1. On average, how much accessible surface per residue is there in the chain, in Å², for a 1.4 Å probe, leaving out ligands, DNA and RNA?
2. For labels at GLN81 and GLN116 in the simple 7 Å Cα→Cβ model, what's the distance in nm?
3. Express the carbon and sulfur contribution to the solvent-accessible surface of the chain as a percent, rounded to the nearest whole number, probe 1.4 angstrom.
4. Which Cys residues of the chain have no other Cys Cβ less than 4.7 Å away and so no disulfide-compatible partner by this rule?
Amino acid sequence: QVQVVESGGGLVQAGGSLRLSCAASGSIFRLNTMEWCRQAPGKERQLVARITSDGRITYSDSVTGRFTISRDNTNNAVILQMNGLKPEDTAVYLCHVWANSAPFRPQADYWGQGTQVTVSS
């Protein structure tokens, strides 16, 4: 089994910055795509940023130019640096990873519990 734990959320004023971290642990043979999603109250979960195992990155249009995703393969971690935060960025941010837990075993996906980000105006 793979555990995914996020950290770094909090309350920040508009224009401020936060850095979210996500660490995967447990039975990991290979860590593949890692991504951050967010869900605001009453809204559907949406992709924020994604990074593949070979470093290809995708951002949602709403965060392009403000957020940066990176990964630390040594520590099985993915980081989301959020700058220029806006009130509409307020949401629970969730880490989502795909991993192979053993050789020849198909990859599975795992979610963290989420971390709250609140941006005041």
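The values are calculated or read from the model by the stated rules, or taken from the named source; none is laboratory data. This is a predicted model, so every value here is computed, not measured. FYI the Cβ positions are ideal-geometry reconstructions off the backbone, even for glycines, and counts take in every protein chain you see. Surface areas here come from the heavy atoms of the whole protein model, side chains and all, with no ligands, DNA or RNA. Shrake-Rupley method; radii C 1.70, N 1.55, O 1.52, S 1.80 Å.
1. Value returned for the chain: 53 Å² of accessible area per residue.
2. 2.7 nm
3. 48 percent
4. CYS37
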